[in-house]
Amino acid sequence: MTNVYATPERLTMKAYLFKIAVEALEADGWRVERVPGSGKSSVRRITRGQESKVVSIRTTQDTWIAFPRLDGDSGWRTLDEVDAVVPVSVDDRDSPRFAKVHLVDGDEMRDRFNRAYEARKNAGHSIPVGRGVWVSLYLQDANDPPTHVGAGAGLKHKPIATVALSPDMLASVDEQDDDVQGSAPIAEIGGGDGEAPLSIAEAKRRLAKTFGVTEASIKITVEA
């Protein structure tokens, strides 16, 4: 079997973080296996002794994780199907040095996302069905602003592993991958609600990546 991780230039940041999460679980005593027929790349079965869980490994490059709503708005895609969530996040969006891996009970994570979704709907936020709802791992859970509701799973649950990111790997991975989990949307991380503001340069870079054009082709107008 070809080792896809042996060639650094083929490794995306998402794949690097996912690999870190799997290795952290294994170091914590879990056997990690794919779930036949799940059809979801993030889902794994982890087993330790007599304990077995189906988990979703969520990678993030900006400390926010997302799950989308099901068609019909009847629940959560993937999140409703797992026993636990394994978020793996960089320590800093702009200058990552470490990856932190957490293990969070599925019922707790569903409660966090349910509360986050309701708070944003009640605040008049537009969240199309199928679009990811983003929740911060490291902001404090608070009722105000609405984007903080449900946050803080990474604060409550200390990492099962903190892994130094390899400078060689960081130099070789794609700066931005195509995973829907990769970055919180502009509306979720800007706006003066206590989250890190999104710079024009960062917004242009993300939009250029999305539309497959150069950053010079992106023009942004801000109206107060």
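Every read-out reported here was derived from the displayed coordinates using simple, explicitly stated rules and does not represent laboratory data. As the structure is a computational prediction, the values presented were derived from the model and not from experiment. Please note: Cβ atoms are built from the backbone with ideal geometry, for glycine as well, and neighbour counts cover all protein chains shown.
Assorted remarks:
- When you count the other C-beta atoms within 10 angstrom of each residue and take the mean per peptide, 94-103, 73-82 line up highest first as 94-103, 73-82.
- Working ranking of peptides 55-65, 33-43 by packing, defined as the average number of other Cβ atoms within 10 Å per residue, highest first, is 55-65, 33-43.
- Mean sequence separation of contacting Cα pairs (under 8 Å, at least six apart), scaled by the length of the stretch 1-117, corresponds to a relative contact order of 19 percent.
- Between Arg34 and Thr210, the contour length at 0.36 nm per residue exceeds the Cα-Cα span by 60.4 nm.
- Pairwise FRET efficiency - Arg48 versus Lys156, Cβ, R0 = 22 Å, nearest 0.05: 0.55
- FRET efficiency, 1/(1 + (r/R0)^6) with R0 45 Å, evaluated for Asp71 and Asp91 via beta carbons: 0.80
- Taking the inverse of the mean 1/r over every pair of distinct Cα atoms in the stretch 4-176 gives a Kirkwood hydrodynamic radius of 16.7 Å.
- Taking amide H atoms as placed 1.01 Å from N in the peptide plane, the amide H of Ala161 lies under 5 Å from those of Val101, each 5 or more residues away in sequence or on another chain.
- Listed by chain and number, the lysines whose C-alpha is less than 21 Å from the C-alpha of Lys19, apart from same-chain residues fewer than 8 away, are Lys40, Lys53, Lys100, Lys158.
- Excluding same-chain neighbours fewer than eight residues apart, the lysines reachable from Lys204 by a Cα-Cα span under 19 Å are Lys219.
- For Glu26 and Glu81, a Förster radius of 22 Å and the Cβ-Cβ distance give a FRET efficiency of 0.45, rounded to the nearest 0.05.
- Ranked by how many other beta carbons lie within 10 Å on average, peptides 21-28, 122-129 from highest: 21-28, 122-129
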